[in-house]
Amino acid sequence: MTATLLGIHHVTAIAGDPQRNVEFYAGTLGLRLVKITVNFDDPGTYHLYYGDEVGHPGTILTFFPWPGAPRGRRGTGQVTVTAFAIPRGAAGYWADRLKGPGVEVEGPSERFGEPVLALRDPDGLALELIAGESTGAGAPWAGGPVEAEAAIRGFHSVTLTEAAAEATTQFVGDLMGFAPVACEGDRQRFRISVAGASGPGGLVDVLSRPDSPRGMVAVGTVHHVAWRIAAADGQRAWRRDLDEAGVEVTPIVDRRYFHSIYFREPGGVLFEIATDPPGFTIDEPRERLGARLQLPAWLEPARAQIEERLPPLRPVTAS
Ligand code: ZN
């Protein structure tokens with residue numbers, strides 16, 4: 001593949017109640033709610049984006065809230081864990097902070113020499129806070145409730161759980177160019193950006209679980225993971241190369257804040273390659289990000305009906 005992928009762009013998961021989702025991610029975890037919009041393929045559903053101060057690629061966790069929908073099942077063919085990077089020495093702060101709202105936390109345990117706190121969000125989504133690899137590019141949200149020295153710096157890594165891990169490691173290693181960097185038990189770690197990470201979220205773990213049940217996407221599970229590409233020409237090159245390698249890949253889709261292509265790795269995890277530009281300030285200024293429901297032009301005429309169908313969202317005032 002010709003153009004370099006720079007790391008994780010975003011992770012998209014399914015939530016239950018949107019208000020509870022906002023309270024956990026903007027309140028407890030202190031991320032900035034950078035965009036409130038709808039699922040462009042299903043405008044009756046919110047699409048909520050969290051990130052650092054401006055939602056830099058590498059810091060963006062997004063949710064489709066499906067209130068009342070059943071919980072999914074974590075299993076093979078899924079991104080089973082989404083890990084955030086926290087500063088070295090911040091694990092104690094986070095263990096204390098999460099005790100307050102009664103979040104179940106395990107650890108810190110150690111993995112590849114780094115302290116790992118494991119937790120679940122209110123819908124059961126598996127998260128980790130890893131005090132490790134320095135990230136450089138994250139600009140934590142200073143308007144949030146978490147003190148800046150301890151704030152989440154963006155993604156650390158994602159974990160793919162696979163029944164036949166070898167097919168996946170070959171795909172990400174040989175075809176996508178991720179570099180194997182370490183092994184620990186049944187976990188193999190890859191670095192996405194071989195040229196050197198320029199931002200947060202440069203790692204992927206592939207976990208071999210031949211006897212685990214297959215995952216099922218619903219509330220509390222990850223829908224897909226997106227990898228960063230700097231510009232549109234690189235994305236076109238990836239689309240062509242994947243197609244020539246026999247991988248079924250979608251046309252380029254305009255997601256307003258980035259452009260995307262989608263394909264599946266052999267184990268079934270949905271991958272996306274998303275462009276860095278144009279970003280979240282395309283439709284509201286930096287200081288007002290996430291303040292108001294944003295709709296693309298083709299949905300704007302239906303704003304009144306859309307707003308009526310969506311449950312109200314209150315901004316977070318958590319401490
Ligand atoms: Zn996506």
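Data for the structure
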{"item": "Peptide ranges 26-33, 236-243, 204-211 listed from the most packed, as the mean C-beta count within 10 angstrom indicates", "result": "26-33, 204-211, 236-243"}
{"item": "Debye, to nearest 20: dipole size of the stretch 138-227, +1 on Lys, Arg Cβ, -1 on Asp, Glu Cβ", "result": "140"}
{"item": "Dipole moment magnitude, nearest 20 debye, the chain about Cα centre, only Lys, Arg, Asp, Glu C-beta charged", "result": "400"}
{"item": "Overall form of the stretch 149-210 per C-alpha gyration tensor (a/c, 1.5; a/b vs b/c)", "result": "oblate"}
{"item": "Estimated vicinal HN-Hα couplings, Hz - the stretch 153-168 in sequence order (Karplus 6.51, -1.76, 1.60; Gly, Pro = x)", "result": "9, x, 6, 9, 6, 10, 10, 9, 9, 9, 6, 10, 4, 4, 4, 6"}
{"item": "Under the Karplus curve 6.51 cos²θ - 1.76 cosθ + 1.60, θ = phi - 60°, whole-Hz ³J(HN,Hα) for the stretch 239-253, x wherever Gly or Pro sits", "result": "4, 5, 5, 5, 4, 5, 7, x, 8, 6, 10, 6, x, 6, 10"}
{"item": "Cα-centre dipole for the stretch 212-252 with unit charges at Cβ (Lys and Arg positive, Asp and Glu negative), debye to 20", "result": "180"}
{"item": "nm² value of the averaged projected area, convex hull over the Cα atoms of the chain", "result": "15.1"}
{"item": "Accessible area of the chain belonging to carbon and sulfur atoms, whole % at 1.4 Å probe", "result": "50"}
{"item": "Residue-normalised accessible area of the chain, expressed per residue, 1.4 Å probe, Å²", "result": "41"}
{"item": "For the chain, with +1 on Lys and Arg beta carbons and -1 on Asp and Glu, the positive-most of Ala297, Ala150, Leu160 along the dipole", "result": "Ala297"}
{"item": "Sequence of Lys99, Lys35 from largest to smallest accessible area, 1.4 Å probe", "result": "Lys99, Lys35"}
{"item": "Per-residue ³J(HN,Hα) for the stretch 202-211, Karplus 6.51 cos²θ - 1.76 cosθ + 1.60, θ = phi - 60°, Hz, x for Gly and Pro", "result": "x, 10, 9, 9, 10, 9, 8, 9, x, 9"}
{"item": "Relative contact order [Cα under 8 Å, 6+ residues apart], the stretch 8-309, whole percent", "result": "24"}
{"item": "Accessible area (Å², 1.4 Å probe, nearest 10) - His47", "result": "20"}
{"item": "For Val181, residues with placed amide H under 5 Å, excluding near neighbours", "result": "Arg189, Phe190, Arg191"}
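The values are calculated or read from the model by the stated rules, or taken from the named source; none is laboratory data. What you are looking at is a predicted structure, and each value in this text was computed from that prediction instead of being measured. All Cβ positions, even for glycine, are placed from backbone atoms using ideal geometry, and neighbour counts span all protein chains on display. Accessible surface areas use protein heavy atoms only, side chains included; no ligands, DNA or RNA. Shrake-Rupley method; radii C 1.70, N 1.55, O 1.52, S 1.80 Å.
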